[in-house]
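Notes to accompany the following structure.
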Amino acid sequence: MTKKWLAIVSAPLLSLVVYFALTYFNFPQPAALMAVVVTWVAVWWLTEALHLGVTSLLPFVLIPLFGIMKTEAVAMQYMDQIIFLFMGGFFLAYAMEKWGLHKRVAFRIIMFTGNTPSKVLMGIMLTTYLISSWVSNTATVMMLIPAVMAIISQKEIYNEESRKNISTAILVGLSFSATIGGMATLVGTPPNMIFAGMYASQFPNGQHVTFLNWMAFGVPYSATLLVVCYFILKKMFIPAHHNIAFDMSYIQQQHAKLGKIGYEEKVISVIFSATVLLWFFREDLNLGFVTIPGWTKAFGSLSGYIKDSTVVIFTSFFLFLIPSRTKANAISNAIQGKEADPDNLNVERNEPENLLEWKDVTKLPLNIILLFGCGFAMAKGFESSGLATAIAERLDILQGMPIPLILLGVAVLVTVLSEFASNTASIQLVLPIVIPLAASLGINPLLLMLTATFSASLGSMLPVATSANTIVYGTGDINAKDMMRAGIILDIAGIILLLVYMLTLGNWIYGFKIFG
């Protein structure tokens, strides 16, 4: 039996073992069946027994077959609104790529950060971290992926032996640093805002969590984790013999060849910047001492209908509507009889009429859309089958344990859960469980809720663990095994750091009184 067929057959067999183990421990049958789906998909993903796009269709078949959800309900998950955010982000990326703006940004990053792969990695991770602290992690990766791919494509500055490792480090660094950056502020990622809303409603008289005291904890913790992540990736993928300085003159020459920024690049930059600003100020921005109202408030009761995906699809329309100056000049010159070379005129007349044409976006990767849908379908299946609740209810084994061990149990559980379900779904399912748990254990609920919230952003092993992971995996320049190897080390480091910071800095900021 070949290695491929061994992986194909082992997935359902291992799923059966998981099913009987969970039923033995009195898990509800729907929850045990959902665990079968998760195990089956996970094994095929990790072994790459089949193409990820094919594996991503498995929940569409198994979840209805097992009676967990109707086919219509599963199908809806494969067109979740965040997929349109992904599509709109790619529209912007394709426009940048088409007119060379991504190369201009990439060369600027390299010239600013330095002339070795490790310095380029550091620059990209720091840039991503700072942006994702304020803009959604998915949007951050979408806006930077064209420039990152342009850096990776510069084969002249890497030798072939080191290129694969370096590209893996940079792409995984982009994804991981976006997720880490989301921990820094209350608006950095949806789980943070879900926590803030749930805590305020459940404990109106409790310790206030403000934008500033969140950052007082979130920034030091996430910044430390970013540094740890950088050294993990550098150690794993950029050893000393690969970290060779390249000739910056090549990069400078390539940047000079681009010339002055053109009309099309300027317009795309404006559309791109407008998109980011609309994302940034879409909802109220609470700075602790002042709240900046979100622009969607102008829509009154309809404000909740507008998402980040709505914004990027709206701004993408301008890419398809605004004519390029190149085409306009060609037509103008032809009318005035200024064009002397008929062949050249023909080429110019064949230039696209707008900044972006539909033919430019037909390469949108279907496999990544399916991968997104698979993740959403499994997250919904976790909820519908009762698997997440069944797992969370097992937390009662923490009774009587020391607080650090209780925090460790919560952190590990939520981190593992967020590997398969979205971090948003994970925190929505876990927070209602840890609130009564904290009461029964006599622990400050804020301690458990914060631990769970930060842990929801730690899951980073699998391509579907986060949208950022899915996007970078979709480039085809990394494989699942490399992401998993780096991700599991980062998960462990993140949990250890979280416990240390929660027991020290968190104890001081929020007054948990852990030590009396």
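Summary of computed values
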item: Cα gyration tensor, the range 2-69 - rounded (a/c under 1.5), prolate or oblate; result: oblate
item: Distance between modelled label sites at Val290 and Val17, nm, 7 Å Cα→Cβ extension; result: 6.0 nm
item: Alpha-carbon centroids, the range 1-59 and the range 439-493: separation in whole Å; result: 21 Å
item: Amide H within-cut-off set for Trp134, under 5 Å, with H built and near neighbours excluded; result: none
item: For the chain: relative contact order, % (alpha-carbon pairs under 8 angstrom, 6 or more apart); result: 21 percent
item: Computed [θ] at 222 nm, deg cm²/dmol, the chain (DSSP H ≥ 4; -39,500 (n - 2.57); rounded to nearest 500); result: -22500 deg cm²/dmol
item: Under 29 Å from Lys297, Cα to Cα: lysines that are on another chain or at least 8 residues apart; result: Lys307
item: Phi to ³J(HN,Hα) by Karplus 6.51 cos²θ - 1.76 cosθ + 1.60 over the range 195-200, Hz, x for Gly, Pro; result: 4, 4, x, 5, 5, 5
item: R0 of 22 Å, Cβ-Cβ distance Phe203-Glu393: FRET efficiency to nearest 0.05; result: 0.50
item: Under-5 Å amide H pairs with Asn354, H placed in peptide plane, nonlocal only; result: Ser324
item: Where labels lie 7 Å past Cα in the beta-carbon direction, separation of Leu405 and Ala75 in nm; result: 5.1 nm
item: Sequence-distant lysines (8 or more away, or on other chains) whose Cα lies within less than 20 Å of Lys481; result: Lys3, Lys4, Lys164, Lys234, Lys235
item: Distance between modelled label sites at Phe25 and Ser301, nm, 7 Å Cα→Cβ extension; result: 4.7 nm
item: Spatially proximal lysines relative to Lys70 (Cα-Cα < 24 Å; intrachain offsets below 8 disregarded); result: Lys380
item: Global geometry of the chain, whether rounded, prolate or oblate, following the gyration tensor of its Cα atoms and the 1.5 cut on a/c; result: prolate
item: Per-selection metrics, the range 40-82 (Cα): Rg and Dmax in Å; result: 11.3, 29
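Every number in this text was worked out from the coordinates using simple rules, so none of it is lab data. All figures in this text were calculated on a predicted structure; none of them were measured in a lab. Reconstructed Cβ throughout: ideal geometry from the backbone, glycine too, with neighbour counts over all protein chains shown.
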